[in-house]
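Engineer: Just passing along the structure, written as structure tokens.
The values are calculated or read from the model by the stated rules, or taken from the named source; none is laboratory data. Predicted model only: the values in this text are computed from it and were never measured. Here the Cβ positions follow ideal geometry from the backbone for every residue, glycine too, while neighbour counts run over all protein chains shown.
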Amino acid sequence: MSWQDIAALARQPDVHLVAPDLRPSDPALRGLFTRRGLRSGLGLHMSDAVDLHDLTTRAVGRPGITVTLFLTGRAAISLGDRAHEVGARPDVAGQPMPTAVIYSMTEPDVFERRGIRGEHLRKVGITIPPGWLGEAGLDAGAAGLAQRLERTHGALLAVPVSPDLARLAGVMLADLPGGAPCCGLMQEARAFELLARVFGLAATGGEAPTPKAPPRAEARLRAAQQYMAAHLEDEMTLAEVAAAACVSVSTLQRLFRERLGLPVWDYLRRLRLDQARRFLERGEGSVTEAAFRAGYTSPANFATAFKRAYGMPPSRCRR
């Protein structure tokens, strides 16, 4: 996708390219990016793309609130003179932790975005016009938060999201290339659900608190993650992973459920899929080879799992 394509999709006449010095037809992103208005007055913008440059753009932002859920990738933004780094930060094993970011503008102000070359950005963003949230039927806590944000210029909140909320964003991205005839109506319903759940989490200080593991348990979990990351192409059993972490199998399973919100094998599957995605993005082999590296004997099953995780078929990742 060229810089000219991005500027056209942004639908803002005052959006400017700050750096680098690109011609309008020069490629800027590899992947998909879209922006559309919903009937309700919301704006929906979604990206599943890799930055090809340290692309910096600048525009005058309009008053309102923006909610962006990052599944992978990071970027730096500035609201006036306030600079922030936003996105999905890595966990102890280097895997991205999906994060929602809410920021508010009560007056027009300069908005600048600075991308990171090679960063794979998968995100769903929703822009909310002033006053919209007051009529959205939020519960008392979320409505109070929305009122405070609508009165505060330049406020920014980062909210960790649960696996099921991340899956909702993934489903929205899966419809990015086109979708069924009723896709617009379904995306609008999903956007409503995403907003309600993000504001609900933000109003209560994030996700429901997870029991704090003692330092020794944190070290055991980290040891298990490191063992799995170092042996992705090897067969392994729960007993072997538990032994590497010096815990029992039942303790290992409990730690993964409590601290990461998913079973041990689901975590391993995610690690292997991420490895396969990087393998394809670097152009190192075919989809079939990537499937075998990820532990799948069937390329078709691999393609299904890949699309469920990343919202696109593995063939689209290949250089």
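Engineer: With the requirement that a residue be among the aliphatic types (A, V, I, L, M) and more than 20 Å from the chain's Cα centre (by Cα), what does the stretch 29-58 give you?
Structural biologist: Within the stretch 29-58, Leu38 is the sole residue that qualifies.
Engineer: Might you check whether a residue that is out of contact with any strand residue (DSSP E or B) (no Cβ under 9 Å at 6 or more places or on another chain), in the same structural domain as Lys123 (by TED's automatic domain parsing) and under 22 Å from Ala309 (Cβ atoms) occurs anywhere in the stretch 42-63?
Structural biologist: no
Engineer: Has the stretch 111-132 got at least one residue that is without any contact (Cβ under 8 Å) to a residue 40 or more places away in the chain, surrounded by 15 or more Cβ atoms within 10 Å (Cβ to Cβ), of a type outside the set (S, T, N, Q) and in the same structural domain as Gly80 (by TED's automatic domain parsing)?
Structural biologist: No, the conditions are met nowhere in the stretch 111-132.
Engineer: Here's a follow-up. Of the numbered conditions (1) exposed (fewer than 15 other Cβ atoms within 10 Å of the Cβ); (2) touching a residue at least 24 places away in the same chain (Cβ under 8 Å); (3) not in a strand (DSSP E or B), Ala8 fails exactly one; give the number of that condition.
Structural biologist: (2)
Engineer: Can you tell me which residue among Arg82, Arg62 is over 29 Å from Leu271 (Cβ atoms), at pLDDT 85 or above and over 13 Å from the mean Cα position of the chain (by Cα)?
Structural biologist: The unique qualifying residue is Arg62.
Engineer: Oh, and also: Pairs under 6 Å by beta carbon, first residue at negative phi in the stretch 194-218, partner among the hydroxyl-bearing types (Ser, Thr, Tyr) and at pLDDT 55 or above, six or more apart or different chains?
Structural biologist: Here the result reads Glu207/Ser162, each pair linking the stretch 194-218 to a residue that is among the hydroxyl-bearing types (Ser, Thr, Tyr) and at pLDDT 55 or above.
Engineer: Select from the stretch 237-284 the residues that are within 22 Å of Arg216 (Cβ to Cβ), of a type in the set (Ser, Thr, Tyr) and more than 19 Å from the chain's Cα centre (by Cα) and list them in ascending order.
Structural biologist: Selection gives Ser248, Ser250, Thr251.
Engineer: So which residues in the stretch 25-39 are part of a loop (DSSP other than H, G, I, E, B) and within 23 Å of Phe70 (Cβ to Cβ), if there are any at all?
Structural biologist: Ala28, Leu38, listed by residue number.
Engineer: Across the stretch 88-118, which residue is modelled with the highest pLDDT among those that are within 12 Å of Thr72 (Cβ to Cβ) and among the polar types (S, T, N, Q)?
Structural biologist: Thr99
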